[in-house]
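Student: The structure's right below; bear with me while I get my questions together.
The values are calculated or read from the model by the stated rules, or taken from the named source; none is laboratory data. Because the structure is predicted, anything quoted here is derived from the model rather than measured. Here the Cβ positions follow ideal geometry from the backbone for every residue, glycine too, while neighbour counts run over all protein chains shown. Just so you know, the surface numbers come from the protein's heavy atoms only, side chains and all, with ligands and any DNA or RNA stripped out. Shrake-Rupley method; radii C 1.70, N 1.55, O 1.52, S 1.80 Å.
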Amino acid sequence: MPTQVQVFPSITIPVPFDAIYRRLGYKRGITQVDKRSGEEIERHIDHALSLISLKGAGRRVLLREVTPRGVFLETGDEFRSEKLARFLKGCGEVLLMGATAGDAVMEAIRGDTEGDAMTRGVVMDATASEMADAALDWIAGYYGHQLTRENARLTQGRFSAGYGDFLLENQIIMHNLLEIDRIGVGISESCILIPEKSVTAVMGIQR
């Protein structure tokens, strides 16, 4: 039987400063940033962090069958994707994950980008994106520790809806199976997660 959803109402992680700077087009230690600009960026990052509320969810689901064209879950759901099927070859189970940076930071980003604080909005956008992505790493690490005790491990890398032939429509299945409405994440008619800085991903479990 598939395991139940594990909700993480509050996730605390180190700030991925290098990833944030890379998203902004900088390579810390390589790209030169003058003192004034650097201090401004750091202030904007701190402001974003004060508004971000990381939450997440995870769920292990058994695989019923993996075919060349797609993946069938024990829940009765199907992910149609040849690339995902290749990615999960040899796996008997998957880990579904979801995370969000919350509403408050998105409201601030919209206010800045629509107003006269574009630079701060861009930095906050990068910060929220990388924090949500890092939250998925945290969730993967949480399950990874469990799997070690079971003599199992997660696949390298992860797959998200919208990548390759794993169409965005699969986000509906992810949203439902992870029950991420419980952490304040909705989904639009066009299969976009709301708030925007929300992400989901699939990883394989190998034994």
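Student: Confirm whether PHE166 is of a type in the set (A, V, I, L, M, F, W, C), in contact with a Gly (Cβ under 9 Å, 6 or more places away or on another chain), closer than 19 Å to GLY70 by Cβ and crowded, with 16+ Cβ neighbours inside 10 Å.
Tutor: No; evaluated as a whole, the condition is false for this residue.
Student: If you check GLY102, GLY58, which single one turns out to be farther than 21 Å from ARG158 by Cβ and under 15 Å from the mean Cα position of the chain (by Cα)?
Tutor: From the options GLY102, GLY58, the qualifying one is GLY102.
Student: Going residue by residue through the range 121-140, is there one that turns out to be farther than 18 Å from LYS197 by Cβ, more than 16 Å from the chain's Cα centre (by Cα), surrounded by fewer than 21 Cβ atoms within 10 Å (Cβ to Cβ) and free of Cβ contacts under 8 Å to residues at least 40 places away in the same chain?
Tutor: No, because not a single residue in the range 121-140 is farther than 18 Å from LYS197 by Cβ, more than 16 Å from the chain's Cα centre (by Cα), surrounded by fewer than 21 Cβ atoms within 10 Å (Cβ to Cβ) and free of Cβ contacts under 8 Å to residues at least 40 places away in the same chain.
Quick grid of which residues meet (1) outside any strand (DSSP E or B); (2) more than 15 Å from VAL5 (Cβ to Cβ):
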site: ASP137; (1), (2): yes, yes
site: LEU147; (1), (2): yes, yes
site: ASN151; (1), (2): yes, yes
site: LEU177; (1), (2): yes, no
site: THR200; (1), (2): no, no
site: ILE205; (1), (2): no, yes
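Student: So the check is Cβ under 7 Å with 6+ separation or different chains; which pairs have a first residue in the range 178-207 that's closer than 21 Å to SER81 by Cβ and a second one that's part of a loop (DSSP other than H, G, I, E, B) and basic (Lys, Arg)?
Tutor: Between residues of the range 178-207 that are closer than 21 Å to SER81 by Cβ and residues that are part of a loop (DSSP other than H, G, I, E, B) and basic (Lys, Arg), the close pairs are ALA201/ARG158; VAL202/ARG158; MET203/ARG158.
Student: Of the residues that sit in the range 77-91 and are touching a residue at least 24 places away in the same chain (Cβ under 8 Å) and part of a loop (DSSP other than H, G, I, E, B), which one is farthest from the chain's Cα centre (by Cα)?
Tutor: Residue satisfying both the conditions and the ranking: GLY90.
Student: State which residue is modelled with the highest pLDDT when the search covers only the range 53-76 and only residues that are within 17 Å of LEU178 (Cα to Cα) and either acidic (Asp, Glu) or not in a strand (DSSP E or B) (or both).
Tutor: Only one residue fits best here, namely LEU54.
Student: Pull up the range 145-162, narrow it to residues that are of a type outside the set (Lys, Arg) and surrounded by 16 or more Cβ atoms within 10 Å (Cβ to Cβ), then point me to the one that is nearest to LEU95 (Cα to Cα).
Tutor: Filtering first and then ranking leaves LEU154.
Student: Something else now. Could you tell me whether any residue of the range 15-27 is touching a Lys or Arg at 6+ places or on another chain (Cβ under 8 Å), buried (at least 16 other Cβ atoms within 10 Å of the Cβ) and within 20 Å of ILE187 (Cβ to Cβ)?
Tutor: no
Student: Still on this structure: Looking at the structure I just gave you, is ARG80 loosely packed, with under 15 Cβ neighbours inside 10 Å and closer than 28 Å to ASP181 by Cα?
Tutor: no
Student: Mind counting the residues in the range 169-186 that are surrounded by fewer than 18 Cβ atoms within 10 Å (Cβ to Cβ), more than 27 Å from ARG207 (Cβ to Cβ) and out of contact with any Cys (no Cβ under 7 Å at 6 or more places or on another chain)?
Tutor: The number of residues fulfilling the criteria is 4.
Student: Hey, can you tell me all the residues within the range 92-120 that are small (Gly, Ala, Ser), open to solvent by 10 Å² or more (accessible area, probe 1.4 Å) and in contact (Cβ under 8 Å) with a residue 12 or more places away in the chain?
Tutor: GLY92, GLY102, ALA104, ALA108
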